Every structure is written in structure tokens, then in C-alpha cells.
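The values are calculated or read from the model by the stated rules, or taken from the named source; none is laboratory data. Given the structure is predicted, the values throughout are model-derived calculations rather than measurements. Cβ placement follows ideal geometry from the backbone for every residue including glycine, while neighbour counts extend to all protein chains displayed. Remember, those area values only see protein heavy atoms, side chains included, never the ligands or the DNA or RNA. Shrake-Rupley method; radii C 1.70, N 1.55, O 1.52, S 1.80 Å.
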Amino acid sequence: MNARIENALNAQVEKECSSSQYYLAMASWAEGQGLNGTARFLYRHSDEERFHMLKLIKFINERGGKAIVPSVPQPPEEFKNLANVFELLLEHELQVTSSINEVVDTCLQEKDYTTHNFMQWYVSEQLEEEALARTILDKLKLIDGDKGGMYMFDRDLENFEFVDQQNQAGQQA
Ligand code: OFO
């Protein structure tokens, strides 16, 4: 595997790992606040990010590279409020999107069209995640701290249906 591509993919493994840990910290905080629906949503989101990391690790190894399992900095323990959690989540997703774009750009420079094709899954995934984070933030702005609204918001997130990416990946394989 081309060394530049391998490095770029391993850097992305680290980003996905840090997303997973970050959302796990958010989930745990939300659970401590009694926001069980939000916690469920964030635990699930953290699992998805771990899956994104695993998908990259497997791809690197299958193509003859060496995947590196990273250590990542400890995420925050406290958050100001729920709006702050989702603002940070969106900010983080925007950073991940730009690093995915950099990987895609490296693929084009190195004429690695297989990895370029593989990365398209991440490009669409980022579009969806950013849109979801923005929708959630818009709802929180509308609610504006109202207790009844927060109750409904938390209940909505409890019922949020994630697409089963792991199963989907299994079916495609
Ligand atoms: Fe991995 O999709 Fe967000 O970060």
C-alpha cells in the first residue's frame, strides 16, 4: 500500500476513534443528567464511530498496509448543557469532514482509485451526520430550555432509529 495513503488512512482511524470516545463521554454525561433518550442516542452514535474506525482498520490491513490502533486524548467529563453538547458534536463532525476530504484529495493525487471509491462511503456518511446534528440543534433552539419541550426532545431521541451500518456492511460483503 502506498505510504502516503496508509498514513492518511491511519490518521483517519485516529479521528474516528476520537469521535467514538468523544460521543461516549457525551452519552455518559447525558445519562448522569437523567436524559436517557439523549444518552441512548449518543451511546449508539459512539458505536457507529467505532464501526467507522474498524471499517478503516480492516481496509488498511486487507490492502497490505498496517493499521495502527491509536491512543486518543481523554474527552471532557463535563458539558455546559445539551445545546453545548450538540454544538460540540457538529463542530467535531465538521473537522472530521475536512479530514475525510483531505484523504480523498490524497487518493486523487496518488491515483489510488480503489481507496477513493472506498472513501465515498465516508463522504456520504458525513453529509448525513452533519445534517442530523444541524436538525437537532435547530430543535433545541426552538425549545429554548422549556422543560416540557426538553422532555419531548429526549423522548424523540430515545425512539430515533439508526440505520444498522454493521448489518448493512455484512450484507454488502
Ligand atoms: Fe465517522 O462519522 Fe462522524 O465522525
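Among residues belonging to segment 43-61 that are farther than 9 Å from VAL13 by Cα and without any contact (Cβ under 8 Å) to a residue 12 or more places away in the chain, point out the one that is farthest from the ligand (Cβ to nearest atom).
ASN61
With the condition being among the charged types (D, E, K, R), I'd like the helices (runs of 4 or more DSSP H) fully within segment 62-173 carrying at least 1 qualifying residues. If you could, list the steps in order and put the result at the bottom.
Working: elements: 82-109, 113-143, 147-158, 165-172.
Output list reads 82-109, 113-143, 147-158.
Suppose we keep only residues that are open to solvent by 70 Å² or more (accessible area, probe 1.4 Å) and under 14 Å from GLN21 (Cβ atoms) within segment 66-87. Which one would you say is farthest from the ligand (Cβ to nearest atom)? First the steps, then the outcome.
From segment 66-87, those open to solvent by 70 Å² or more (accessible area, probe 1.4 Å) are 66, 68-69, 71, 73-74, 77-78, 80-81, 87; that's our starting set.
Remaining after also requiring under 14 Å from GLN21 (Cβ atoms): 69, 71, 73-74, 77.
On the way: VAL69: 16, SER71: 18, PRO73: 16, GLN74: 18, GLU77: 21 Å.
So, considering only residues that are open to solvent by 70 Å² or more (accessible area, probe 1.4 Å) and under 14 Å from GLN21 (Cβ atoms), the one farthest from the ligand (Cβ to nearest atom) is GLU77.
Restricted to segment 3-39, and to residues that are under 15 Å from the mean Cα position of the chain (by Cα) and open to solvent by 50 Å² or more (accessible area, probe 1.4 Å), which residue is nearest to the ligand (Cβ to nearest atom)?
LYS15
From the list LEU127, LEU140, which one is over 14 Å from the mean Cα position of the chain (by Cα) and farther than 18 Å from ASN7 by Cβ?
On the way: LEU127 fails: over 14 Å from the mean Cα position of the chain (by Cα).
Of LEU127, LEU140, the one residue that is over 14 Å from the mean Cα position of the chain (by Cα) and farther than 18 Å from ASN7 by Cβ is LEU140.
I'm trying to understand the selection: among the residues of segment 30-61, which are hydrophobic (A, V, I, L, M, F, W, C), in a helix (DSSP H, G or I) and closer than 19 Å to PHE160 by Cα? Please lay out each step first, then the result.
Here is the first cut: in segment 30-61, the ones hydrophobic (A, V, I, L, M, F, W, C) are 30, 35, 39, 41-42, 51, 53-54, 56-57, 59-60.
Okay, now just the ones that are also in a helix (DSSP H, G or I), so 30, 39, 41-42, 51, 53-54, 56-57, 59-60.
Scanning segment 30-61 gives ALA30, ALA39, PHE41, LEU42, PHE51.
Residue check: is ASP144 at positive phi and not hydrophobic (A, V, I, L, M, F, W, C)? Spell out the reasoning first.
On the way: at positive phi: yes; not hydrophobic (A, V, I, L, M, F, W, C): yes.
Considered against the rule, which asks whether it is at positive phi and not hydrophobic (A, V, I, L, M, F, W, C), ASP144 comes out as yes.
Go through (1) more than 10 Å from the ligand (Cβ to nearest atom); (2) within 25 Å of THR38 (Cβ to Cβ); (3) without any contact (Cβ under 8 Å) to a residue 40 or more places away in the chain for LEU90 and report which single condition fails.
Of everything listed in (1) more than 10 Å from the ligand (Cβ to nearest atom); (2) within 25 Å of THR38 (Cβ to Cβ); (3) without any contact (Cβ under 8 Å) to a residue 40 or more places away in the chain, LEU90 misses just condition (3).
Yes or no, residue by residue, for (1) under 24 Å from PHE153 (Cβ atoms); (2) within 14 Å of the ligand (Cβ to nearest atom); (3) open to solvent by less than 70 Å² (accessible area, probe 1.4 Å):
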site: VAL96; (1), (2), (3): no, yes, yes
site: ASP105; (1), (2), (3): no, no, no
site: LEU108; (1), (2), (3): no, no, no
site: ASP112; (1), (2), (3): no, no, yes
site: TRP121; (1), (2), (3): no, yes, yes
site: GLU128; (1), (2), (3): yes, yes, no
site: ALA133; (1), (2), (3): yes, yes, yes
site: LEU137; (1), (2), (3): yes, no, yes
